[in-house]
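What follows draws every value from the coordinates through simple rules; no lab data is involved. Quick caveat: nothing in here was measured; it's all calculated off a predicted structure. Neighbour counts are summed over all protein chains in view; Cβ atoms, including those assigned to glycine, are modelled from backbone coordinates with ideal geometry.
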Amino acid sequence: MDNKQKAFEWISNEGKGAMLKLEWDEEKTMDRIRIYDSPTGDRWTKEGYFVFGDGSMEWMYSTPSNSAQTPTEIRFPAKKIKWVKFTITDGIADMSTAWIPG
């Protein structure tokens, strides 16, 4: 997804513990991830963690509930990876949602 596709979001009925894995055919160099709250006010992914293809991990704590207006940006030392997995550990609603632009 790109930054202009705010109408799209990942939705899971799993709630806490829900996971999303993004994979690429070729390695990507990353030094940050931006994650947006759901554009609807009744769902909020508050906390979670990312596991990267190189075995490293980054936590995301206390994202703002702002209807996808401002992203939470997680910065880390640059890494070359072919995949990243996001797991939700806290939030509000039966459904877990997040918008992760490409």
Calculate one ³J(HN,Hα) per residue across segment 48-55 by plugging θ = phi - 60° into the Karplus curve 6.51 cos²θ - 1.76 cosθ + 1.60, and present them in order as whole Hz with x for glycine and proline.
x, 9, 10, 10, 9, x, 8, x
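Among residues other than residue 28 whose Cβ falls under 11 Å from its Cβ, what is the net charge (Lys/Arg +1, Asp/Glu -1)? Intermediate results must be reported in sequence, preceding the final value.
Values: positive: 79, 80, 82; negative: 23, 25, 26, 27, 31.
Combined, the nearby Lys, Arg, Asp and Glu give -2.
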With θ set to phi - 60° and the Karplus curve 6.51 cos²θ - 1.76 cosθ + 1.60, what are the ³J(HN,Hα) couplings of segment 80-87 in order, to the nearest whole Hz, using x for Gly and Pro?
9, 9, 10, 7, 9, 10, 10, 10
